[in-house]
1. Scan (1) touching a residue at least 60 places away in the same chain (Cβ under 8 Å); (2) touching a helix residue (DSSP H, G or I) at 6+ places or on another chain (Cβ under 6 Å); (3) farther than 16 Å from Met111 by Cβ for the single condition Tyr32 breaks and write down its number.
2. Looking at (1) modelled with pLDDT of 95 or more; (2) more than 11 Å from the ligand (Cβ to nearest atom), find the lone condition where Asn38 falls short.
3. Give the residues of the stretch 20-35 that are crowded, with 16+ Cβ neighbours inside 10 Å and within 6 Å of the ligand (Cβ to nearest atom), sorted by residue number.
4. Could you please give the count of residues in the stretch 92-114 that are open to solvent by 60 Å² or more (accessible area, probe 1.4 Å) and more than 9 Å from the ligand (Cβ to nearest atom)?
5. Quick test of your reading of the structure: Leu50 fulfils all but one of (1) near the ligand (Cβ under 10 Å from one of its atoms); (2) under 16 Å from Ala11 (Cβ atoms). Name the failing condition by number.
6. Sort through Leu43, Leu50, Leu121 and tell me the only one that's closer than 24 Å to Gln4 by Cβ, at pLDDT below 95 and touching a helix residue (DSSP H, G or I) at 6+ places or on another chain (Cβ under 7 Å).
Amino acid sequence: MNPQQLRIIGAALAILVVFILGYRLTRAGKPYPGLLFNAHKLLALAAAALVGIHVYRAGQSAPLSAGAWAAAVVTALCVVGLFATGAVLSLAKPAPEIVRALHHLAPYLAMAAGAVTLWLL
Ligand code: HEM
């Protein structure tokens, strides 16, 4: 298996665990269990880094199409939004309902835009 395939498989597994832990965090509620919360956050960071490296390397070997750029920007915005809303959710005081709703919706948008990005590379 080559490094590109390993990165994508690693990212896919990390994302799967991020989703599972995310649902468990929602079910557990505040105060969020520290281990689940930190694993969710760190695996999200690892997955974002692996996908980012993959897209960057693909862009080095051949220029990205306009469509791939657009999908990559939408994916990156969703991921930044997930980190920002995740940080607000983790504060001790209750988060505004809109922040929670965005953190529940953005994972699916990020997955769709990320899949389109990888498909267009
Ligand atoms: C790629 C990034 C991320 C993805 C894909 C993601 C995904 C998810 C998903 C699918 C859920 C469950 C939503 C539901 O029950 O419908 C969730 C919940 C949660 N996530 Fe994330 N997440 C990401 C990053 C983060 C980060 C960086 C943090 C913290 C800094 C965070 C904190 C939380 C918290 C606190 C919950 C529980 C929300 C609640 O109580 O409703 N997430 N996440």
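1. Among (1) touching a residue at least 60 places away in the same chain (Cβ under 8 Å); (2) touching a helix residue (DSSP H, G or I) at 6+ places or on another chain (Cβ under 6 Å); (3) farther than 16 Å from Met111 by Cβ, Tyr32 violates only (1).
2. If we test Asn38 against (1) modelled with pLDDT of 95 or more; (2) more than 11 Å from the ligand (Cβ to nearest atom), just (2) comes out false.
3. Across the stretch 20-35, the qualifying residues are Gly22, Leu25, Tyr32.
4. Initial filter on the stretch 92-114 (open to solvent by 60 Å² or more (accessible area, probe 1.4 Å)): 92-94, 96-98, 100, 102, 104-105, 108-109, 111.
Next cut, more than 9 Å from the ligand (Cβ to nearest atom) only: 92-94, 96-98, 102, 109.
So the answer is 8.
5. (1)
6. Numbers: Leu43 fails: at pLDDT below 95; Leu50 fails: at pLDDT below 95.
Going through Leu43, Leu50, Leu121 in turn, the sole match is Leu121.
The values are calculated or read from the model by the stated rules, or taken from the named source; none is laboratory data. Bear in mind that the values here come from a model prediction, so they are computed numbers and not experimental data. When we count neighbours, we look across all protein chains shown, and the Cβ atoms used for this are built from the backbone with ideal geometry, even at glycine. All accessible areas refer to the heavy atoms of the entire protein, side chains included, with ligands and DNA or RNA removed. Shrake-Rupley method; radii C 1.70, N 1.55, O 1.52, S 1.80 Å.
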